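Undergrad: Pasting a structure here, questions to come.
Nothing in this text is a laboratory measurement; each read-out follows from the coordinates by a stated rule. Keep in mind it's a predicted model, so treat the numbers as computed, not measured. Positions of Cβ are backbone-derived with ideal geometry, glycine not excepted, and every protein chain shown enters the neighbour counts.
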Amino acid sequence: MKKSRNSTTKFTIIIICMVALVVGYYAYLSNRSMERRSEADMSVVESVLSRDLVNDYPATPKEVVKYYNEIMKCFYNEACTDQEIDDLGQKARELYDAELLEANELGTYMMNLRAEIQNYKDKGRRLTSASVAASTSVKFYEVDGYSFARILCGYNIMEDRKNYAVKTVYLLRRDEDRRWKIYGWESADKVNLGEESGQEQ
């Protein structure tokens, strides 16, 4: 009789453990599903703004420009609120070199940014794509003890159902924290891309 009771007790414990494992695994899967749904529900703007540039700053010149392009797509393609434009503008400025920030005082920068976005939308323009040159095409060079990087970026813009291409050359400078910051940019047709000012890497 004792044997039978022990067997019953062991069986009951095993069943309880199995039920607990099944319930725990179901809860885990449900939690993951909710997290994925939450991420999917984030708007494009929220997704771009969610990046923590203090702890997750882009590691290379190419990645800096790619993230900057994500911000630009939000400016010109999304129906941003005034607060979102402010927040995106601040994110963009976190990518700027100290000298570029000095040349673009915050108040003036935001005023010009809003005017540019409005003008873009008034003309019915849309930034359909942005492509950054391969990392192997980045030109690195030293000037006055500073490390610089130059990279080409191409944009496709739609206006009145017509597409046209624009190419821009970005210049980045590495700061004291070894982070690549946008030092400036210029239309590619004004830059001699063949000049030997740096070493390709």
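Undergrad: Compute the relative contact order of the stretch 44-166 as a whole-number percentage, counting only Cα pairs closer than 8 Å that sit 6 or more residues apart in sequence.
TA: On the way: 116 pairs, mean separation 28.9, N = 123.
Here the relative contact order equals 24 percent.
Undergrad: Which GluC sites (Glu not before Pro) does the stretch 68-141 hold that lie in a coil by DSSP with at most 16 other beta carbons within 10 Å? Walk me through the intermediate numbers first.
TA: Working: sites: Glu70, Glu78, Glu84, Glu94, Glu99, Glu102, Glu105, Glu116; in loops: Glu78, Glu105.
Sites meeting the loop and neighbour criteria: Glu78, Glu105.
Undergrad: Something else about it: Between Lys162 and Asp82, what is the label-to-label distance in nm when each label sits 7 Å out along the Cα-to-Cβ direction?
TA: Going by the 7 Å Cα→Cβ label model, 3.6 nm.
Undergrad: Between their Cα atoms, which of Lys91/Lys167; Lys73/Lys121; Lys121/Lys162; Lys123/Lys162; Lys123/Lys190; Lys121/Lys181 are more than 21 Å away from each other? Before the final figure, lay out each step's value.
TA: Values: Lys91/Lys167 23 Å; Lys73/Lys121 12 Å; Lys121/Lys162 15 Å; Lys123/Lys162 12 Å; Lys123/Lys190 25 Å; Lys121/Lys181 28 Å.
As for pairs spanning more than 21 Å Cα to Cα, those are Lys91/Lys167; Lys123/Lys190; Lys121/Lys181.
Undergrad: Additional query: Ranked by Cβ crowding within 10 angstrom, fewest neighbours first, how are Val169, Val54 ordered?
TA: On the way: Val169 20, Val54 7.
Ordered from fewest to most neighbouring Cβ atoms within 10 Å, Val169, Val54 come out as Val54, Val169.
Undergrad: At Ile14 and Leu53, where each label point lies 7 Å from the Cα along Cα→Cβ, what is the point-to-point distance in nanometres?
TA: Going from the Ile14 label point to the Leu53 one covers 6.0 nm.
Undergrad: OK, next. Using a Förster distance of 25 angstrom, determine the FRET efficiency expected from the C-beta separation of Ala115 and Lys190, and round it to 0.05. If you can, show how the numbers build up before the last one.
TA: Working: r = 23 Å, r/R0 = 0.93.
Working from the Cβ atoms, E equals 0.60.
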